[in-house]
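Have a look at the structure below before the remarks.
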Amino acid sequence: MHNHFPFILPQLPYSINSLEPYIDEETVYIHHFMHEKKYIDTLNSLIEPYPQFYLWTLEKLIRDTKCLPSQIQQDVRNNAGGVYNHYLYFNSLTDKLSQPNGKLLAEINNQFGSLYNLKEQLKASATSLFGSGYAVLAKNKKGKLSIRQCANQDTVLGCNLMPVLIIDMWEHSYYLKYQNQRNEYFDNWFKVINWDVVENIYNMYNFT
Ligand code: MN
């Protein structure tokens with residue numbers, strides 16, 4: 001990803017109809033080309049008057065929001081978070097079957113007992129979220145996994161945690177196909193997770 005201003009809409013690593021029937025084409029189209037793009041356009045318009053922030057990475061804009069001019073802090077927080085969360089969400093989906101392996105699977109078994117238990121706990125977190133936000137599988141500096149909820153477009157970046165997998169629980173992610181059936185959306189989202197991407201993030205993400 002081009003990780004500083006001007007931010008650009010990333011290309012999906014699959015075609016927009018290839019997550020069918022689990023996540024429908026119309027939802028992917030609107031979610032990616034309209035919702036995600038709006039966060040990118042808005043973030044660019046917020047940063048554009050301030051060349052001193054043109055080289056700030058997305059992560060730095062999120063972590064160091066308090067160092068920005070006060071009149072753009074809240075909007076940058078919302079929109080940089082939106083850009084970050086949507087990239088993570090869309091990039092960790094696939095039309096190919098995959099399973100967690102290696103160190104990631106070992107840590108899942110260590111923390112949750114099994115992949116099934118992780119799924120049930122993440123599902124409980126996602127479906128109990130009040131309002132719009134995300135359920136997040138995060139890791140700490142030692143590689144320990146935990147589950148968090150993030151409201152709105154918040155992230156866990158400010159808590160010395162890195163998100164390795166997130167599910168978007170904003171209604172725009174599922175409402176066209178699933179209406180209020182959040183359990184069904186979660187179960188079908190879980191079938192199209194790209195565990196190879198999740199494992200790469202788990203293994204490679206550093207905290208610099
Ligand atoms: Mn979304």
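Hey, if you put +1 on the Cβ of every Lys and Arg and -1 on every Asp and Glu Cβ in the stretch 80-208, which of 157, 85, 192 ends up farthest toward the positive end of that dipole?
Ranked along the dipole, the leading option is 157.
Taking chymotrypsin sites (Phe, Trp or Tyr not before Pro) that fall in a DSSP loop and have at most 15 other Cβ atoms within 10 Å as cut points, what is the longest piece of the chain between them?
Segment 55-129 is the longest.
On the full set of protein chains, 1.4 Å probe, figure out the accessible area of residue 141 and give it in Å² to the nearest 10.
130
Residue by residue through the stretch 163-173, what is 3J(HN,Hα) from phi via Karplus (6.51 cos²θ - 1.76 cosθ + 1.60, θ = phi - 60°)? Round to whole Hz and write x for glycine and proline.
Karplus-based 3J(HN,Hα) across the stretch 163-173 equals x, 10, 7, 9, 10, 6, 10, 5, 4, 5, 6 Hz.
Ignoring everything but the protein chains, give the 1.4 Å probe accessible area of residue 38 in square angstrom, nearest 10.
Rounded to the nearest 10, that gives 130 Å².
Regarding the stretch 25-91, what whole-number volume in Å³ per residue does the convex hull of its Cα atoms give?
77
Hey, what do the phi angles of the stretch 194-203 turn into as Karplus ³J(HN,Hα) couplings, whole Hz, using 6.51/-1.76/1.60 and θ = phi - 60°, x for Gly and Pro?
Coupling constants for the stretch 194-203: 8, 5, 5, 5, 4, 5, 4, 5, 4, 7 Hz.
Where Rh denotes the Kirkwood radius from the mean inverse Cα pair distance, what is Rg over Rh for the stretch 103-208?
0.96
Kindly report the accessible area of the chain per residue (heavy atoms of protein chains, probe 1.4 Å, no ligands, DNA or RNA), in Å².
49
Just to check I understand the Karplus step: with θ = phi - 60° and J = 6.51 cos²θ - 1.76 cosθ + 1.60, what whole-Hz values come out for the stretch 180-190, glycine and proline as x?
Once θ is set to phi - 60°, the couplings for the stretch 180-190 become 8, 8, 5, 4, 5, 4, 4, 4, 7, 4, 4 Hz.
For 34, 162, what's the largest-to-smallest order of accessible area, 1.4 Å probe?
Accessible-area ranking of 34, 162, largest first: 34, 162.
When only the heavy atoms of the protein chains count and the probe is 1.4 Å, how do 92, 45 rank by accessible area, highest first?
From most exposed to least exposed: 45, 92.
Sum -39500 (n - 2.57) across every DSSP H segment of at least 4 residues in the chain, then divide by the residue count to get the 222 nm mean residue ellipticity, nearest 500.
One gets -13500 deg cm²/dmol as the mean residue ellipticity at 222 nm.
What would the Debye formula give as log10 I(q)/I(0) at q = 0.10, 0.15, 0.16 Å⁻¹ for the alpha-carbon point model of the chain, no solvent?
-0.42, -0.96, -1.09
Under 5 Å between amide H atoms, partner at least 5 residues away or on a different chain: which partners does residue 164 have, H built in plane at 1.01 Å?
137, 138, 139
How would 4, 86 line up by accessible area, probe 1.4 Å, largest first?
Result, largest first: 4, 86.
Leaving ligands, DNA and RNA out of it, report the carbon-plus-sulfur percent of the accessible area of the stretch 110-173 at a 1.4 Å probe.
Carbon with sulfur: 45 percent of the solvent-accessible area.
Pairs of lysine in the stretch 1-127 with Cα under 26 Å and at least 8 positions apart or on different chains: total?
Lysine pairs meeting the criterion: 9.
The values are calculated or read from the model by the stated rules, or taken from the named source; none is laboratory data. On a predicted model such as this, the values are computed, not experimentally measured, just so you know. Cβ atoms come from the backbone with ideal geometry, glycine included; neighbour counts cover every protein chain shown. Calculation scope for accessible area: heavy atoms of the full protein, side chains included, ligands and nucleic acids excluded. Shrake-Rupley method; radii C 1.70, N 1.55, O 1.52, S 1.80 Å.
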